[in-house]
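Peer 1: One structure follows; several queries about it will come next.
Readers should treat all values here as calculations from the given coordinates under stated rules, not as data from a laboratory. Because the structure is predicted, anything quoted here is derived from the model rather than measured. Counting neighbours? That spans all protein chains shown, and the Cβs are built from the backbone with ideal geometry, glycine included.
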Amino acid sequence: MTESQRPSGEYPMYPYGNGDTAYPPPPSYRPAQPIATGPGTTVWPGGNGSDGHGGDGGSGPAFPPPAPPEPAAPRHRARRPVALLAAVAIAAAIVGGGTATVIEQLTGSSTNSASSVIPGTTVSQSSKGTVAGVAKAVSPMIVEINATSTAGESTGSGVIITPDGEIVTNNHVISGASSVKVSLSTGKTYTADVVGTDPAKDLALIKLRGASGLKTATLGDSSAVAVGDQVVAIGSPEGLTGTVTSGIVSALDRDVTVAKEDGSGQGQGGRGGNGQSGGEQWPFEFGGRQFNGDTGNSTTTYKAIQTDASLNPGNSGGALINMNGEIIGINSAMYSASSAGGSDSSSAGSVGLGFAIPVNTLKADLDTLRAGNSS
């Protein structure tokens, strides 16, 4: 009898055939194929027994089970990008809320808080770009000026530009004045001194006595102004402090000619000047024609911004403002219908032809005004 070469007990025997030559019967199905689970790992069906046999009783060598999945990354690693993105979003919100001042202005941490578009002027996010928003933000920086001289009393407006009370206005508002009184939007009144005047540009600088901590207006860029831009005018027409009107820029670079004399030729009869009613308004010349009175022999001409925002006597020295809350001009002259057709004073008033000195002219002249120089 031929002996089997297999070690006894290594494989189970299922004899068929004759005697010692019997072999295991063939399976009734096709043997299962190996399953590839990944590079370098192969699992045979049923090959997970510890004794080298399949769990279902099938034959074949045992293979190691698949490698367990790698443990999940620590939670703090997953949170770091989220925290970083949150920090970036918060920073972007803080910066974006800016501009506005802006200039707002002009920025804000919420839609209900004031946002700074530009230093000195604030416009709430919910009112940005509106007449109401600009008026609320800038009105505290506009003052009423009452100047007394030998020719009478004139009323005009001015713009606060420093916390300690520097105010810009028109030269013709305070020219020849022996005393100057200034009323803030809060109703508080100060005495002011004339620091410097520039009749050639119809500009003047005065300073309040004992003032501090005042809200200041922001001087914008008049070179960026375009015809059709919406604007707001704030002043004290007819002595009505804090009056707000609006319109558009209707023209640029208008050659406006005004009287240059100090204390004369200004139409300041009674309570006149380009101030409160009761006398002639401030005279000016345009296109070879004189309006609102005789400009006299000594005149000066400047390039003006023309606006259809309503201006009346008392608006002189006040602010022409863009929708970011920036001062783009100092209101200085207006056309009055009563001076053109010889009609009585009942027809006097704005007809949508007002003029403002560009703010860039003022900025270029500030050092001269602060030095007390006149031209």
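Peer 1: Mind checking which lysines have their Cα closer than 18 Å to the Cα of K260? Skip sequence neighbours fewer than 8 apart in that chain.
Peer 2: Reachable lysines: K201, K303.
Peer 1: I've got another one for you. Give the residues of region 241-261 whose amide nitrogen is closer than 12 Å to a point set 7 Å from the Cα of T301 in the direction of its Cβ.
Peer 2: Correct set: 254-258.
Peer 1: For K181, give me every one of the lysines with a C-alpha distance below 22 angstrom, ignoring sequence neighbours fewer than eight places off in its own chain.
Peer 2: K207, K215
Peer 1: Hey, another quick one. To check my understanding: the extent here is largest minus smallest coordinate of the Cα atoms along each principal axis. What are those three numbers for region 146-211, in Å, largest first?
Peer 2: Taking max minus min along each principal axis of the Cα atoms, region 146-211 gives 28, 23, 17 Å.
Peer 1: For a quick protection proxy, order the peptides 215-222, 152-159 by their average other-Cβ count within 10 Å, most packed first. All intermediate terms of the calculation are to be shown ahead of the outcome.
Peer 2: Working: 215-222: 21.4, 152-159: 27.0.
Those peptides, ordered most packed to least, come out 152-159, 215-222.
Peer 1: Would you please put 305-318, 244-257 in order of how densely packed they are, using the mean number of other Cβ atoms within 10 angstrom per residue and starting with the highest? Please report the intermediate quantities before stating the final value.
Peer 2: Values: 305-318: 27.5, 244-257: 17.4.
Ranked from most to least packed, the peptides come out as 305-318, 244-257.
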